[in-house]
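Enquirer: One structure coming up, written as structure tokens, with questions to follow.
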Amino acid sequence: MLKNIILHEKQGYLISDRADRKYFSDIDVAEGFLLLAPNSSAYFADSRYYSALVKKLEGTPYKPVLYKGVSSIKEYLKSKKIKTLFVDYRFTTLKEYEAYKSLKVKLKDGSDFLEKARSVKTNEEYENIKKACEITKKAYYLTIQKAKLGITEKELATIMKNTTAFA
């Protein structure tokens, strides 16, 4: 599911942040890279996560790719003729940026684009936000009723946690 993403020929978006990868793919993998590209999106994971990733990606538009370093991404970009790669510089270290230079593509900051794309919500997301607010409100009121002199924050946190589990 390519949420709010407009892809142009020979361009790709490399997403390394876990929350962003999950948002744009609906797949949660502890470590990896999501590459969004026209007709050729891929999810890179190393050998620790690859087998699980293959199963999770069944029926999705993403191709699982075994990550063996930046050269894996480079080969994929070359095979798909991607010339410009957007990277979220908010989550890119200098060391990673230096490695990305070896990809032999034009690197651009995609952080504003990804942030704006995430800000547009679907009806389902609005409904989930409403549900989360209702759960929070219910948990707050149930927890505040249990608050009394001498109760610790930890005890209140436990009460709230148990309350939200049943909301």
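The values are calculated or read from the model by the stated rules, or taken from the named source; none is laboratory data. Nothing here was measured: the structure is a model prediction, and the numbers come from that model. Backbone-built Cβ (ideal geometry, glycine too); neighbour counts: all protein chains shown. Heavy atoms of the whole protein, side chains included, go into the accessibility calculation; ligands, DNA and RNA do not. Shrake-Rupley method; radii C 1.70, N 1.55, O 1.52, S 1.80 Å.
Enquirer: Which pairs in the list LYS10/LYS95; LYS68/LYS131; LYS22/LYS108 are over 29 Å apart, alpha-carbon to alpha-carbon? Write down the numbers at each step before the final one.
Expert: Numbers: LYS10/LYS95 25 Å; LYS68/LYS131 41 Å; LYS22/LYS108 22 Å.
In this structure, LYS68/LYS131 lie more than 29 Å apart at Cα.
Enquirer: Just want to confirm a number: the relative contact order over the chain, from Cα pairs under 8 angstrom separated by 6+ residues, in percent. Show your work: numbers first, answer last.
Expert: Values: 210 pairs, mean separation 29.7, N = 167.
Contact order relative to length: 18 percent.
Enquirer: Suppose accessible area is computed on protein heavy atoms with a 1.4 Å probe; arrange ASP28, ASP88 from highest to lowest.
Expert: So the residues, ranked largest to smallest area, are ASP28, ASP88.
Enquirer: Over the Cα atoms, compute the radius of gyration (one decimal) and Dmax (the largest Cα-Cα distance, rounded to a whole number) for segment 1-72, in Å.
Expert: Rg, Dmax (Cα atoms, Å): 11.3, 32.
Enquirer: Here's a follow-up. Expressed as a rounded percentage, what relative contact order does segment 72-125 have, with Cα pairs under 8 Å and six or more residues apart? Walk me through the numbers on the way to the answer.
Expert: Numbers: 36 pairs, mean separation 21.7, N = 54.
Normalised by residue count, the contact order of segment 72-125 is 40 percent.
Enquirer: Name the most mobile residue of ILE82, ILE151, ILE27, meaning the one with the largest mean-square fluctuation, in a Gaussian network model of the chain with Cα contacts below 10 Å.
Expert: Among ILE82, ILE151, ILE27, the largest mean-square fluctuation in the Gaussian network model of the chain belongs to ILE151.
Enquirer: Ok, one more. Among bridges DSSP assigns within segment 1-109, what percent are antiparallel (round to 5)?
Expert: Expressed as a percentage, antiparallel bridges in segment 1-109 total about 35.
Enquirer: Now a separate question. Whole-Hz Karplus ³J(HN,Hα) for segment 54-66, in order, using 6.51 cos²θ - 1.76 cosθ + 1.60 and θ = phi - 60°, x for Gly and Pro?
Expert: 4, 5, 5, 8, 4, x, 10, x, 9, 8, x, 10, 6
Enquirer: In whole percent, what relative contact order does segment 68-167 give with Cα contacts below 8 Å and a gap of six or more residues?
Expert: 22
Enquirer: Given Cβ point charges of +1 (Lys, Arg) and -1 (Asp, Glu) and nothing else, what value in debye, to the nearest 20, does the dipole of segment 68-149 about its Cα centre take?
Expert: It works out to roughly 200 debye.
Enquirer: Mind giving me the nanometre distance, one decimal, between the label points for GLU31 and GLU124, set 7 Å out from Cα along Cα→Cβ?
Expert: Using points 7 Å along Cα→Cβ, the separation is 3.0 nm.
Enquirer: Can I ask one more? If you take the beta carbon distance between THR152 and ASN39 as r and set R0 to 45 Å, what does 1/(1 + (r/R0)^6) give as a FRET efficiency, to the nearest 0.05? Each step should come with its number before you reach the end.
Expert: Values: r = 56 Å, r/R0 = 1.24.
Working from the Cβ atoms, E equals 0.20.
Enquirer: Could you do me a favour and compute the accessible area per residue for the chain, 1.4 Å probe, result in Å²?
Expert: For the chain, the per-residue accessible area is 65 Å².
Enquirer: Continuing with this model, one more query. Exposed loop GluC sites (Glu not before Pro) only (DSSP loop, at most 12 other Cβ atoms within 10 Å): please give the longest stretch of the chain free of them, not including the sites.
Expert: Answer - 59-167.
Enquirer: Of LYS95, LYS22, which has the most accessible area with a 1.4 Å probe, and how do the rest follow in descending order?
Expert: Ranked from most to least accessible, the order is LYS95, LYS22.
Enquirer: Moving on. With each pseudo-label sitting 7 Å past Cα toward Cβ, what's the GLU115-ALA52 distance in nm, one decimal?
Expert: 3.1
Enquirer: Net charge around LEU94, counting only other residues with Cβ within less than 15 Å of its Cβ (Lys, Arg = +1; Asp, Glu = -1)?
Expert: Once all neighbours under 15 Å are counted, the net charge is -1.
Enquirer: Shape call for segment 20-167 from the C-alpha gyration tensor, a ≥ b ≥ c root eigenvalues: rounded (a/c under 1.5), prolate (a/b greater than b/c) or oblate?
Expert: Judged from the Cα gyration tensor, segment 20-167 comes out prolate (a/c at least 1.5, a/b above b/c).
Enquirer: Ordering THR152, THR92, THR136 by accessible area with a probe of 1.4 Å, largest first, what comes out?
Expert: THR136, THR152, THR92
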